[in-house]
Amino acid sequence: MTTLQSVPALGTHPASGSLPSRAETRDQLSKATYDLLVIGGGILGISTAWHAAQSGLRVALVDAGDFAGATSSASSKLLHGGLRYLQTGAVKLVAENHFERRAVSRQVAPHLANPLTFYLPVYKGGPHGAAKLGAGVFAYSALSAFGDGVGHLLSPAKAAQDVPELRTDNLKAVAVYGDDQMNDARMALMTVRAAVDAGATVLNHAEVTGLRFTRGRVTGAELKDRTSGDEFGVSARLVLNATGPWVDHLRRMEDPNAAPSIRLSKGAHLVLKRTSPWKAALATPIDKYRITFALPWEDMLLLGTTDEEYEGDPGQVEVTEKDTAQILDEAAFSIRDQQLSRDLITYSFAGLRVLPGGPGDTSKAKRETVVTEGRGGMLSVAGGKWTTFRHIGRTVMKKLEQLPGHPLGEDYEPVSALPKRLPLPGIANPNAVAHRLLVDGPAPGPRMAADTAKHLATHYGSLSFDIARMANENPELARRIHPDAPEIWAQVAYARDHEWAETADDVLRRRTTLTVRGLATDEIRADVEKMLDK
C-alpha cells in the first residue's frame, strides 16, 4: 500500500488564492447584511446562489453538511431528456430537458460531462415491443435535434460486442439512443465555485439552529459551525429555504403550523467492479413505467434505481437488504450473473427525491419544482431534477423578482438579462488538457502518468494545471493515493485549500470517488484527516 509520508509537514502552507479560513468566513457572514441568504447547498440552492450572484445580489449560502452532501451526490449521474416521459405525452418537457442537457454538456461544463450511448434491450414477453421502442428512441433523438445521432434498432449480436455481460437469451432487438453522464458532486462543486467567483459567500458544515425575524418577517438565520461549535448569525433581506428533503423542517421554524408541502421517494444505487469493459449503458424496462439502469461510471458499474415512498428521517436514509436484492434482481433481466455477484459490490448509496405532496405511486409522480411562500416571507423551493439545475435557478430568481415591493433592489439585473450559457470554472477540452499535462510535465523528474492526466482533465478541466503545479513543487503530492487509482495527494491538498473540504468524507466521497470505488482504506482515511488538520 502506498501511503503518504511526512503528512504533518505536507501542504501546511496553502497556495496563493486559497479560500478564507472558516473563522474569517463566519466573521464576514455575521457582520454583513445580505440581499439573499440561501439555506441548503444542494444543486438547487447552489444554482440559485450562482444566478443571484451573477445578477448583482449580495448572496450568502450555507449548508448543515457538505455541498451536495445528500441527495445531490446520490443521483444516477445522468443528464438526460427523460425517455420515459414520452409515454405520458410530455413532448415539450423532453425537448426542454434536451435543451438544458445539451447546453450543460457542450457549452457550460464539457469538462465535467460526457456523451453516453444507451442500449434498451427488447426481450420476448417484455413490457414494450421492438417497433414501439424503435419509434420511441427515434422521436427522442428528434427532440434533441439528432445531436446524439439517430435513435435506431440494433442487432443483439452487435450489442453483445459492446456490452459483453448482456443477456442474449430471448433478446429480440436493442433500441439505441444517446444522453449524457456526469460526476454530480464535482458538477455541484464547480457551481459553488462559480457562485463564489461571482461574489457569493459560502460555508458548509454550518447548521441552521433558528431563524431571525424582524416585525414578523424572516430576516436571517442563527447558525452553528459543526466543525468548531462556534455560533453565529446571518442577516438578509430575503431568505430562501432550499434544504431539499428537510424543506418542511425549516418551514416549521418559520411557522410551527405549516402543513407538509412535499413527500419523499427513495432512490437506491449499487456500485460494482466491472468484469469487462462496457462501451454503452443499459436501460432495461421493468414494467410500463420503470426502467433499471446499468451505467459504466468512474471505471465501475452503477446499478439502480429504486423508487418507493420514504417517511423516515432524511438524515438516516440508507440502502437496505431489500433495496440491494431488488436492484440485483432487476439488473438480472438483462445482465449475466457473473457481473452481479455481491462480491463485486464496492459501495451503495441512497438519495431522496423531493416530490409534490399528494397521493399516488411515487414512480408516476412528476419531477417538478415546488415553490411556496411562508407567513414570514421565506420562500421555500424543492424538487426538480439534475438535468435542469440551471433552469431551476433561473425559475427561483424569477419568483423572487415577482415578490411585491421590489425586494431585490435597484442594482439587481434581471435573470433574463444574464448570459444564457455561462460556463463553469475549468471549462476546457479534456483531451487537450490531458495532452498538456503529459507534455508539460516537470523536468527533471518523472512525467505525470497517463491515467492521472486523463483523470484530472475529466474532473477539473483547466484547473488541473493548478493541481499539477502543486505536485511539481512538492514530489510527495505527486504520489498516488492508492496504487490502483489515478488520484494523487495534490488533489487532497487542493480540496482542502480550494474546494471547502473539511472531512475525510468530503474528500474521499465527493471531491474524489475513492470511497465509492472501494479504495478508501482506513490507512488512507487517516492520512487524509492528517492533511486536512492544517
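Each row is one residue, and each column tells you yes or no for (1) surrounded by fewer than 23 Cβ atoms within 10 Å (Cβ to Cβ); (2) modelled with pLDDT of 95 or more; (3) of a type in the set (A, V, I, L, M, F, W, C).
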| site | (1), (2), (3) |
| --- | --- |
| Pro8 | yes, no, no |
| Thr25 | yes, yes, no |
| Leu36 | no, yes, yes |
| Ser47 | no, yes, no |
| Arg58 | yes, yes, no |
| Asp66 | no, yes, no |
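Any idea which of Ala490, Ala478 is open to solvent by 40 Å² or more (accessible area, probe 1.4 Å) and either among the hydrophobic types (A, V, I, L, M, F, W, C) or at positive phi (or both)?
Residue meeting the stated conditions: Ala478.
Pull out all pairs, ordered by first then second residue, where Cβ-Cβ is under 8 Å, the residues are six or more apart or on different chains, the first lies in region 87-105 and is outside any helix (DSSP H, G or I), and the second is not hydroxyl-bearing (Ser, Thr, Tyr).
Ala90/Gly82
Yes/no per residue for (1) surrounded by fewer than 21 Cβ atoms within 10 Å (Cβ to Cβ); (2) in contact with a Leu (Cβ under 6 Å, 6 or more places away or on another chain); (3) more than 26 Å from Thr521 (Cβ to Cβ):
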position	(1), (2), (3)
Lys288	yes, no, yes
Ile291	yes, no, yes
Leu295	no, yes, no
Thr305	no, no, yes
Asp337	yes, no, yes
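Results for (1) in contact with a Gly (Cβ under 7 Å, 6 or more places away or on another chain); (2) within 27 Å of Asp255 (Cβ to Cβ); (3) surrounded by fewer than 18 Cβ atoms within 10 Å (Cβ to Cβ), shown as yes or no for each residue.
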position	(1), (2), (3)
Gln161	no, no, yes
Val174	no, no, no
Ala185	no, no, no
Gly199	no, no, yes
Gly216	yes, yes, yes
Leu223	yes, yes, no
Gly229	no, no, yes
Leu238	no, yes, no
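Tell me which helices (runs of 4 or more DSSP H) are completely within region 436-511 and hold 3 or more residues being in contact (Cβ under 8 Å) with a residue 60 or more places away in the chain and within 23 Å of Ala188 (Cβ to Cβ), or say none if there are none.
Output list reads 450-460, 489-498.
Which residue pairs have Cβ atoms closer than 7 Å, lie 6 or more positions apart in sequence or on different chains, and pair a first residue in region 239-257 that is without any contact (Cβ under 8 Å) to a residue 12 or more places away in the chain and within 13 Å of Gly210 (Cβ to Cβ) with a second residue that is open to solvent by less than 40 Å² (accessible area, probe 1.4 Å) and aliphatic (A, V, I, L, M)?
Arg252/Ala258
May I ask you to list the residues in region 266-286 that are buried (at least 20 other Cβ atoms within 10 Å of the Cβ) and of a type outside the set (A, V, I, L, M, F, W, C)?
Within region 266-286, Lys266, Gly267, His269, Thr284, Pro285 qualify.
Determine which member of the set Ala450, Ala468 is at pLDDT 95 or above, hydrophobic (A, V, I, L, M, F, W, C), touching a helix residue (DSSP H, G or I) at 6+ places or on another chain (Cβ under 8 Å) and open to solvent by 20 Å² or more (accessible area, probe 1.4 Å).
Ala450
The values are calculated or read from the model by the stated rules, or taken from the named source; none is laboratory data. Note that the structure is predicted; figures quoted are calculated from it, not measured. Every residue, glycine as well, gets a Cβ built from its backbone with ideal geometry; the counts of neighbours run over all protein chains shown. Keep in mind that these areas ignore ligands, DNA and RNA; they rest on the heavy atoms of the full protein, side chains included. Shrake-Rupley method; radii C 1.70, N 1.55, O 1.52, S 1.80 Å.
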